[in-house]
Amino acid sequence: MKPGALVLAPGASADRNHPTLLAIEAAVAPLPVARLDLPTRPPAAIQRIRDEAEALLVANRKNPKSLALGGRSFGGRMCSMAVAEGLPASALVLISYPLHPPGKPESLRVDHFPDLEVPCLFVSGTKDPFGSPDELEQHTRTIVGPVTHLWIEGGGHAFKQHDVQVADAVAAWLKKVR
């Protein structure tokens with residue numbers, strides 16, 4: 001289903017006013033967007049996402065299946081886990097997905113990937129210490145829904161100065177989701 005609203009969550013060390021999230025909100029306008037802050041514990045973060053998603057959908061009279069979710073790093077991961085646990089969604093936008101902690105490729109954060117049945121956009125830097133392009137492509141093959149990768153050449157985990165590029169890519173991709 002075409003996205004009718006978007007929930008965006010920040011990384012663990014950021015808040016709802018992260019420049020990337022602000023740029024995405026501007027790029028997808030007039031799509032209703034909720035940028036939110038997250039608690040640091042995953043169960044509480046996932047519950048916050050569920051609560052904010054419901055409020056956004058009710059306020060804008062949107063079908064729950066039209067909800068797109070995503071965010072940076074921890075925020076995107078929590079959104080993907082919420083969807084894997086059954087939160088209805090039309091798409092996931094995962095920016096700098098933290099595949100594993102830096103230097104610990106054996107500590108993967110992918111157990112929920114086979115439960116993702118919606119289109120997923122992964123936007124990552126080619127030099128992200130949380131997961132290389134090869135690692136990310138290998139592990140996203142377990143996702144049931146269609147997966148698109150966008151690589152920020154030379155970008156690390158934060159890829160500063162690329163907010164507009166990322167935001168424009170997210171907006172263009174969301175327009176293609178059906």
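Considering only the stretch 44-94, how many residues are closer than 18 Å to His157 by Cα and among the aliphatic types (A, V, I, L, M)?
3
If we scan the stretch 105-127, do we find a residue that is buried (at least 18 other Cβ atoms within 10 Å of the Cβ), modelled with pLDDT of 95 or more, among the polar types (S, T, N, Q) and touching a strand residue (DSSP E or B) at 6+ places or on another chain (Cβ under 6 Å)?
no
Against the definition (assigned to a helix (DSSP H, G or I) and in contact (Cβ under 8 Å) with a residue 24 or more places away in the chain), how does Leu136 come out, yes or no?
So Leu136 fits the description; yes.
Answer with yes or no whether Pro102 is closer than 23 Å to His18 by Cβ, loosely packed, with under 15 Cβ neighbours inside 10 Å, modelled with pLDDT of 95 or more and not aliphatic (A, V, I, L, M).
Considered against the rule, which asks whether it is closer than 23 Å to His18 by Cβ, loosely packed, with under 15 Cβ neighbours inside 10 Å, modelled with pLDDT of 95 or more and not aliphatic (A, V, I, L, M), Pro102 comes out as yes.
If you check Phe130 against the conditions, is it closer than 19 Å to His18 by Cβ, free of Cβ contacts under 8 Å to residues at least 60 places away in the same chain and surrounded by fewer than 24 Cβ atoms within 10 Å (Cβ to Cβ)?
yes
Being of a type in the set (D, E, K, R) and touching a His at 6+ places or on another chain (Cβ under 9 Å), is that true of even one residue in the stretch 82-99?
Scanning the stretch 82-99, I find at least one residue that is of a type in the set (D, E, K, R) and touching a His at 6+ places or on another chain (Cβ under 9 Å), so the answer is yes.
Sort out which residues of the stretch 1-45 are surrounded by 21 or more Cβ atoms within 10 Å (Cβ to Cβ), in contact (Cβ under 8 Å) with a residue 40 or more places away in the chain and closer than 18 Å to Arg77 by Cα, and write them in order of number.
Across the stretch 1-45, the qualifying residues are Leu6, Val7, Leu8, Ala9, Pro10, Gly11, His18, Thr20, Leu21, Ile24, Leu38.
Keeping to the stretch 92-104, report how many residues are at negative phi and in contact with a strand residue (DSSP E or B) (Cβ under 6 Å, 6 or more places away or on another chain).
If we filter the stretch 92-104 for residues that are at negative phi, which is where we start, we get 92-95, 97-102, 104.
Then keep just the ones that are in contact with a strand residue (DSSP E or B) (Cβ under 6 Å, 6 or more places away or on another chain); that gives 92-95, 97.
Result for the stretch 92-104: 5.
Report whether or not Leu69 is at pLDDT 95 or above, hydrophobic (A, V, I, L, M, F, W, C), more than 17 Å from the chain's Cα centre (by Cα) and on the phi < 0 side of the Ramachandran plot.
no
Checking the condition among the charged types (D, E, K, R), closer than 22 Å to Ala34 by Cα, without any contact (Cβ under 8 Å) to a residue 60 or more places away in the chain and surrounded by 22 or more Cβ atoms within 10 Å (Cβ to Cβ), which residue from Arg61, Arg77, Arg72, Arg48 passes?
When all the criteria are applied, what remains is Arg77.
Taking the condition surrounded by 14 or more Cβ atoms within 10 Å (Cβ to Cβ) and more than 22 Å from Pro101 (Cβ to Cβ), does Leu136 pass?
Considered against the rule, which asks whether it is surrounded by 14 or more Cβ atoms within 10 Å (Cβ to Cβ) and more than 22 Å from Pro101 (Cβ to Cβ), Leu136 comes out as no.
Identify the residue in the stretch 155-167 that is surrounded by 15 or more Cβ atoms within 10 Å (Cβ to Cβ) and over 22 Å from Ser132 (Cβ atoms) and, among all such residues, is nearest to the chain's Cα centre (by Cα).
Within the stretch 155-167, the subset surrounded by 15 or more Cβ atoms within 10 Å (Cβ to Cβ) is 155-159, 162-163, 165-167.
Still in the list and also over 22 Å from Ser132 (Cβ atoms): 163, 167.
Values: Asp163: 14, Ala167: 12 Å.
This residue is Ala167.
The values are calculated or read from the model by the stated rules, or taken from the named source; none is laboratory data. Just so it is clear, the structure is predicted and the values come from calculations on it, not from any experiment. When we count neighbours, we look across all protein chains shown, and the Cβ atoms used for this are built from the backbone with ideal geometry, even at glycine.
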